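**Student:** Please see the structure below; I have some questions.
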Amino acid sequence: MAPVIFAAQKSKNITTQILHTGQHLELAEEMFRHFKLEPDFDLAVMQPNQTLFQLTSRISEGIGEIVSRNEYDMVFVQGDTTSAFLGALSGFYQKIPVAHIEAGLRTQDRYSPFPEEINRRLVTPLASLHFAPTERAKQMLLNEGTPDQNIFVTGNTVIDALNWSLQRKLTAPKEFSNIFATDERLLLITTHRRENFGEPHRQVFSALLELVEKFNDIRILFPIHPNPKVRDEAASLLNNHPRIHLTAPLSYQVFIMAMQRSYLILSDSGGVQEEAPSLNKPVLVLRESTERPEGLETGALRLVGTSKEKIIASASELLCDHASYERMAKAINPYGDGRAGERIIAAATAFLS
């Protein structure tokens with residue numbers, strides 16, 4: 001969202017307000033510092049071990065109170081989170097036009113990713129403007145009956161944010177200097193999706209153990225998501241290997257440096273699927289399906305799921321076969337040119353004029 005806010009701030013006719021739900025507090029605070037932004041509202045919804053029902057209720061009530069006591073011309077929501085769906089629903093309840101950034105992504109599997117696939121589908125009928133990152137995403141929206149004149153192909157704002165960040169001086173904390181300086185090939189791992197909890201994660205972690213034993217010249221960096229269901233399982237299986245580094249979630253700046261330094265990335269993150277091709281880093285996608293098939297088509301991504309055997313086979317191929325690796329590393333990034341924020345604000349301004 002930062003590139004959209006930056007583009008809005010350049011206009012004398014636009015006032016922006018940022019609502020932060022309060023989820024992943026430390027991660028969010030670092031992002032606000034990095035982009036030199038401050039939230040106007042913080043719902044502070046997080047509580048230990050809360051259910052999706054409880055989270056949905058708290059976010060809905062919090063957003064509802066704010067949109068009902070302030071006059072807004074448009075509500076912007078981004079992506080496929082529960083917060084995005086509830087933000088769109090709150091705008092609809094107040095009859096405020098809703099703009100959906102990163103619209104039109106689909107896996108066609110309602111439970112993968114869960115609950116994100118349904119969240120983004122529910123935003124679509126509530127939104128007045130749909131900012132699709134790619135032509136494929138636009139076609140998905142057209143197939144569902146969304147009016148063509150309300151869809152704008154903009155690229156993804158995550159590429160704007162990455163380009164903005166790469167222009168800044170990035171400095172790694174001392175605790176990462178040895179990891180980033182090593183001659184060993186670095187594998188960067190991220191996994192956090194709900195559908196991967198339990199046995200799928202155990203398969204992934206077992207594959208990592210076998211890979212680090214099979215290849216003496218690799219080192220693994222695994223920033224663990226704060227969810228206890230990810231953190232505890234990863235720690236119990238991986239914590240004792242000298243070439244596997246389990247860390248707290250990385251700041252955005254350090255994560256960019258980790259991607260730059262990495263040889264190969266294994267991830268179930270949607271954002272990573274878009275960012276890594278800009279840095280010429282192959283990604284093995286730890287999911288059974290992806291709403292970002294453009295990266296599969298260009299060859300920048302490979303869908304491996306959570307099967308231990310498939311992860312080991314694909315990673316081993318890229319670690320052993322230089323030609324195969326180069327094909328993925330040099331694939332075109334289909335997710336934007338870094339000007340999505342400008343296009344979004346131009347379209348929103350025209351809509352409101």
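Read the figures in this text as sums done on the coordinates, not as results from a lab. Treat the numbers as computed from the prediction; the structure is a model and nothing was measured. Cβ sites come from the backbone with ideal geometry, for glycine too, and all protein chains shown count toward neighbours.
**Student:** Any chance you could give the angle, 0 to 90 degrees and rounded to 10, that helix 157-166 forms with the longest Cα principal axis of the chain?
**Tutor:** So the inclination is approximately 60 degrees.
**Student:** Multiplying the sequence separation of Asn163 and Lys36 by 0.36 nm and subtracting their Cα-Cα distance, what value in nm do you get?
**Tutor:** Between Asn163 and Lys36, full extension yields an extra 44.2 nm.
**Student:** What is the total of Lys pairs in the chain with C-alpha atoms under 22 Å apart, excluding same-chain pairs fewer than 8 positions apart?
**Tutor:** 11
**Student:** Note the angle between two axes, namely the Cα long axis of helix 82-93 and the longest principal axis of the Cα atoms of the chain, as a number of degrees from 0 to 90, rounded to the nearest 10.
**Tutor:** The angle comes out at about 10 degrees.
**Student:** Right, another one. So, with +1 on the Cβ of K and R and -1 on the Cβ of D and E, and no other charges, what is the size of the charge dipole of the chain about its Cα centre, to the nearest 20 debye?
**Tutor:** Dipole magnitude for the chain comes out near 340 debye.
**Student:** Something else now. On full extension of the chain, what length is gained from Ala44 through Asp148, given 0.36 nm per residue of separation minus the C-alpha to C-alpha distance?
**Tutor:** 33.7 nm
**Student:** Next question, about the same structure. Calculated from DSSP H runs of 4 or more alone, at -39500 (n - 2.57) each and per residue, what is the 222 nm mean residue ellipticity of the chain, nearest 500?
**Tutor:** Here the helix-only value at 222 nm equals -14500 deg cm²/dmol.
**Student:** Something else now. Show me, for the stretch 10-15, the HN-Hα J-couplings you get by feeding each phi into the Karplus relation (A = 6.51, B = -1.76, C = 1.60, θ = phi - 60°), rounded to Hz, glycine and proline as x.
**Tutor:** Each residue of the stretch 10-15 in turn: 6, 8, 6, 9, 10, 10 Hz.
**Student:** Cα centroids of the stretch 303-321 and the stretch 135-180: how far apart, whole angstrom?
**Tutor:** 26
**Student:** Could you check the spin-label model distance between Ile332 and Gln54? Points 7 Å from the Cα along Cα→Cβ, value in nm.
**Tutor:** Once both label points are built, they end up 4.9 nm from each other.
**Student:** A further question follows. Using the Cβ atoms and a cut-off under 14 Å, what net charge is assigned to the surroundings of Thr190, where Lys and Arg are +1 and Asp and Glu are -1?
**Tutor:** Here the count lands on +1.
**Student:** Also: Taking 7 Å along the Cα-to-C-beta vector as the label spot, tell me the Arg110-Phe180 distance in nanometres, rounded to one decimal.
**Tutor:** Inter-label distance under the simple model: 4.5 nm.
**Student:** When Rg and Dmax of the Cα atoms in Å is calculated directly from the model, which label among (i) 19.2, 62; (ii) 20.2, 61; (iii) 23.5, 80 fits?
**Tutor:** Checking each listed value against the structure points to (ii).
**Student:** Applying a 10 Å radius around every beta-carbon, put 268-276, 146-154, 183-191 in order of their mean neighbour count, most first.
**Tutor:** Ranked by mean Cβ neighbours within 10 Å, highest first: 268-276, 183-191, 146-154.
**Student:** Using the basic label-point model (7 angstrom from Cα toward the beta carbon), what is the Thr16 to Asn216 distance in nanometres?
**Tutor:** Here the modelled spin labels are 5.2 nm apart.
**Student:** Give me the number: length gained by fully extending Asn239 to Gln9, i.e. 0.36 nm times residue separation minus the C-alpha to C-alpha distance, one decimal in nm.
**Tutor:** Working it through step by step, the gained length comes to 78.3 nm.
**Student:** Using alpha-carbon positions, what is the distance between the centroids of the stretch 1-79 and the stretch 100-132, in Å?
**Tutor:** Centre-to-centre distance over Cα atoms comes out at 19 Å.
**Student:** Let me ask something else about it. For the stretch 208-220, just list the computed ³J(HN,Hα) in residue order, Karplus coefficients 6.51, -1.76 and 1.60, θ = phi - 60°, integers in Hz, with x standing in for Gly and Pro.
**Tutor:** So the Karplus estimates, Gly and Pro as x, are 4, 4, 5, 5, 6, 7, 6, 10, 6, 9, 10, 10, 10 Hz.
**Student:** Tell me, what is the percent relative contact order of the stretch 174-329, built from C-alpha pairs under 8 Å that lie six or more residues apart?
**Tutor:** Relative contact order, the stretch 174-329: 24 percent.
**Student:** Could you tell me which residue out of Ile18, Leu105, Gln47 lies farthest along the dipole of the stretch 1-153 toward its positive end? Charges go on the beta carbon: Lys and Arg +1, Asp and Glu -1, centred on the Cα centre.
**Tutor:** Leu105
**Student:** Oh, and also: Quick one: what are the phi-derived ³J(HN,Hα) couplings along the stretch 168-176, Karplus 6.51/-1.76/1.60 with θ = phi - 60°, whole Hz, x for glycine and proline?
**Tutor:** Going residue by residue, I get 9, 6, 9, 10, 7, x, 4, 5, 9 Hz, with x marking Gly and Pro.
**Student:** Once both axes come from the Cα atoms, what is the angle between helix 252-261 and the longest principal axis of the chain, in degrees from 0 to 90, rounded to 10?
**Tutor:** 40
**Student:** Based on the Cβ-Cβ distance from Ser68 to Asp321, what FRET efficiency comes out when R0 is 45 Å, to the nearest 0.05?
**Tutor:** 0.20
**Student:** Once amide H atoms are built 1.01 Å from N in the peptide plane, which residues 5 or more positions from Arg219, or in another chain, come under 5 Å H to H?
**Tutor:** Arg185, Leu186, Leu187
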